[in-house]
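Presented below is the structure to which this report refers.
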């Protein structure tokens, strides 16, 4: 059951997004929110911070409209310890920019530890060669991100992840008071 402040998942198509420095993988769910499938890989300008007018953000916003998406989940790459590094900062920034662009459609961040590794492994096991993997690994990772969010929603009855753009509290360190 959802907690007192959590809303239950909304029925409808959801998009999953795997943000990389060079490409963004996109997946979509069926309207019942049961199964995630690959949709598209979108090129992005490497090294540039995400901005609402970027062609990749514009394309993803177009996919949200085209598929009538009721929500978007963006993978948040954390380390195995749960710490967040530069990739997580990029994902948070991207999700925030995307949430402004697709409002009022909600954008949420979900933990995506090891999804790209899992996507590479699954593609290799299915016989997709290394060079060909590059064009589809981002979509495969987006599928894993979205599918894990859909599965979590079914298991808990609450939306997966955290809303994009929400400020994180800094952890307190020993001996400090706020």
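The values are calculated or read from the model by the stated rules, or taken from the named source; none is laboratory data. No experiment lies behind these values; they were computed from the predicted model shown. Cβ atoms come from the backbone with ideal geometry, glycine included; neighbour counts cover every protein chain shown.
Some points to look at:
- For segment 5-27, residues that are crowded, with 23+ Cβ neighbours inside 10 Å and either over 10 Å from the mean Cα position of the chain (by Cα) or over 20 Å from residue 62 (Cα atoms) (or both) total 1.
Per-residue answers, yes or no, for (1) in contact with a helix residue (DSSP H, G or I) (Cβ under 8 Å, 6 or more places away or on another chain); (2) part of a strand (DSSP E or B); (3) at pLDDT below 95:
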site: 28; (1), (2), (3): yes, yes, no
site: 38; (1), (2), (3): yes, yes, no
site: 42; (1), (2), (3): yes, yes, no
site: 45; (1), (2), (3): yes, no, yes
site: 60; (1), (2), (3): yes, no, no
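- Hits in segment 69-84 (condition: without any contact (Cβ under 8 Å) to a residue 60 or more places away in the chain and in contact with a helix residue (DSSP H, G or I) (Cβ under 9 Å, 6 or more places away or on another chain)): 69, 72, 77, 78, 79, 84
- Among residues of segment 76-97 being out of contact with any strand residue (DSSP E or B) (no Cβ under 7 Å at 6 or more places or on another chain) and in a helix (DSSP H, G or I), the one that is farthest from residue 17 (Cα to Cα) is 86.
- Exactly one residue out of 85, 68, 75 is exposed (fewer than 14 other Cβ atoms within 10 Å of the Cβ), at pLDDT 85 or above and under 24 Å from residue 30 (Cβ atoms): that is 68.
Let's see how each residue does on (1) without any contact (Cβ under 8 Å) to a residue 40 or more places away in the chain; (2) within 15 Å of residue 146 (Cβ to Cβ):
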| residue | (1), (2) |
| --- | --- |
| 8 | no, no |
| 20 | no, no |
| 24 | no, yes |
| 44 | yes, no |
| 49 | no, no |
| 62 | yes, no |
| 67 | no, yes |
| 106 | no, yes |
| 110 | no, yes |
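- Once segment 98-117 is narrowed to residues that are assigned to a loop (DSSP other than H, G, I, E, B) and modelled with pLDDT under 95, the residue that is farthest from residue 162 (Cα to Cα) is 114.
- Cβ pairs under 9 Å, 6+ apart, first in segment 144-159 and in contact (Cβ under 8 Å) with a residue 60 or more places away in the chain and at positive phi, second surrounded by 15 or more Cβ atoms within 10 Å (Cβ to Cβ) and outside any helix (DSSP H, G or I): 157/9
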